[in-house]
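Have a look at the structure below, then the notes.
The values are calculated or read from the model by the stated rules, or taken from the named source; none is laboratory data. It should be emphasised that the depicted structure is a prediction, and the values quoted were computed from it without experimental measurement. All Cβ positions, even for glycine, are placed from backbone atoms using ideal geometry, and neighbour counts span all protein chains on display. Ligands, DNA and RNA are excluded from the accessible area calculation, which covers all protein heavy atoms including side chains. Shrake-Rupley method; radii C 1.70, N 1.55, O 1.52, S 1.80 Å.
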Amino acid sequence: QMGELYLCAIPPPPLPPPSSPLPSRPPSPPSPPAFSPLLPASACSAVLILADLVPLDEFCNSKQSRNNNQQECESYKRKWSVSDGIETGKVCIFVDSGSGPTRCEMNDELYYCKIPPPPTAPPPSMPPPSLPPPSPSPSPPSPPSLPPLLPSTVCSTVLSLTDVFSQGEFCNTKQQRNQNKGDCESHKLLWRTIDGIETGRLCTFVAEQGETTCQMGELYLCAIPPPPLPPPSSPLPSRPPSPPSPPAFSPLLPASACSAVLILADLVPLDEFCNSKQSRNNNQQECESYKRKWSVSDGIETGKVCIFVDSGSGPTRCEMNDELYYCKIPPPPTAPPPSMPPPSLPPPSPSPSPPSPPSL
């Protein structure tokens, strides 16, 4: 059998005789060349992947199949040790003498292979480039600006028109106004009077395709003239006082009207308009229970309510009112104050002491 492995350094050849007398101290012999038993990396890559017979407690010739098959034989090794990253052992070789049976034997030469370090993890993949932020959704259209005050000459006529709103009517409520221009345009729909400013809509006579209707026209703002001053009790000053400026206009609806407007159902989240559903075009109550809320800013809600239009001769329809509403949202109700605890009862009076015994 094969014995222990040996490594021997071959001594250098003898030096020729010196041509001059030796120095008093002879030079030290040269060191033996360094020994590097490691196989090349290309050979080790094949050796390191061979199957090891040591855990199976077998040798190269332990199985007859390996003695008969060169490919199976040379896919095995016997790994002896692994130290400091160096694997040592012997590989199996297939021997075919040509005249006798083939056999699988352990190679005489010991191999030394450096185990390569494990592959480094791939660098983390870069995150995909962030998408640009989505473009902001277009803001809702700005509410139309309020018209300026009408001249006093026009307002004198407007202020004298008959108000249909105070009678619970609209311009087209009565059929006689839908058929007579003079009767129609002698009326108005007065919405509110705040800070000396009257706001409303004029009734306008409209003739379209052979049909006439009395409809709400443009929004008007008229300053109500102040009452005439009493006659002066003293002579007027040399310079008459300048006329008072018209008071500031507040477009807010009264709280009583806003309480009804604020509870209407909003069509904006439904992406609908007043006439989007036929049921609203046919039913006044359903139509006028909706609005389109445009914005809420600084506690003021702005939008337009749906109104039911019945011309009398054509189909009814649910339309968005021309007038923009401004309603102040009331603050939430305050919590009631905590109830006071019941008053504590007075302490019970002490029981009377027993009478003293009579004196002897």
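Which numbered condition in (1) surrounded by 14 or more Cβ atoms within 10 Å (Cβ to Cβ); (2) at positive phi is the only one that CYS318 fails?
Answer for CYS318: the failing condition is (2).
Is there a residue being touching a residue at least 60 places away in the same chain (Cβ under 8 Å) and either of a type in the set (Gly, Ala, Ser) or part of a strand (DSSP E or B) (or both) anywhere in the range 172-189?
Checked against the condition, which is being touching a residue at least 60 places away in the same chain (Cβ under 8 Å) and either of a type in the set (Gly, Ala, Ser) or part of a strand (DSSP E or B) (or both), the range 172-189 yields no hits at all.
Among what's in the range 146-163 and is modelled with pLDDT under 90 and in a loop (DSSP other than H, G, I, E, B), pick the residue that is least open to solvent (accessible area, probe 1.4 Å).
Only one residue tops the list, namely PRO147.
Take the residues in the range 321-340 that are out of contact with any Cys (no Cβ under 9 Å at 6 or more places or on another chain) and among the hydrophobic types (A, V, I, L, M, F, W, C), then tell me which one is most open to solvent (accessible area, probe 1.4 Å).
If we take residues in the range 321-340 being out of contact with any Cys (no Cβ under 9 Å at 6 or more places or on another chain) and among the hydrophobic types (A, V, I, L, M, F, W, C), then MET340 is most open to solvent (accessible area, probe 1.4 Å).
If ASP298 passes every condition in (1) of a type in the set (Asp, Glu); (2) surrounded by fewer than 18 Cβ atoms within 10 Å (Cβ to Cβ); (3) touching a residue at least 24 places away in the same chain (Cβ under 8 Å) but one, which one does it miss?
It is condition (3) that ASP298 fails.
Take the residues in the range 202-254 that are modelled with pLDDT under 60 and surrounded by 10 or more Cβ atoms within 10 Å (Cβ to Cβ); name whichever of them is nearest to ILE300 (Cα to Cα).
Only one residue fits best here, namely SER250.
Among (1) among the polar types (S, T, N, Q); (2) touching a Ser or Thr at 6+ places or on another chain (Cβ under 9 Å); (3) within 22 Å of CYS113 (Cα to Cα), where does ASN69 come up short?
Tallying (1) among the polar types (S, T, N, Q); (2) touching a Ser or Thr at 6+ places or on another chain (Cβ under 9 Å); (3) within 22 Å of CYS113 (Cα to Cα), ASN69 fails exactly one: (3).
List the strands (runs of 3 or more DSSP E) inside the range 48-116, counting only whole elements, that have at least 3 residues being open to solvent by less than 40 Å² (accessible area, probe 1.4 Å) and touching a Lys or Arg at 6+ places or on another chain (Cβ under 8 Å).
The strands (runs of 3 or more DSSP E) meeting that bar are 86-95.
Going through PRO127, PRO138 one at a time, which residue ends up being modelled with pLDDT under 90 and more than 30 Å from TYR326 (Cα to Cα)?
Unique residue meeting the criteria: PRO127.
Given the condition more than 23 Å from GLN284 (Cα to Cα), modelled with pLDDT under 90 and open to solvent by less than 70 Å² (accessible area, probe 1.4 Å), answer yes or no: does some residue in the range 170-191 qualify?
no
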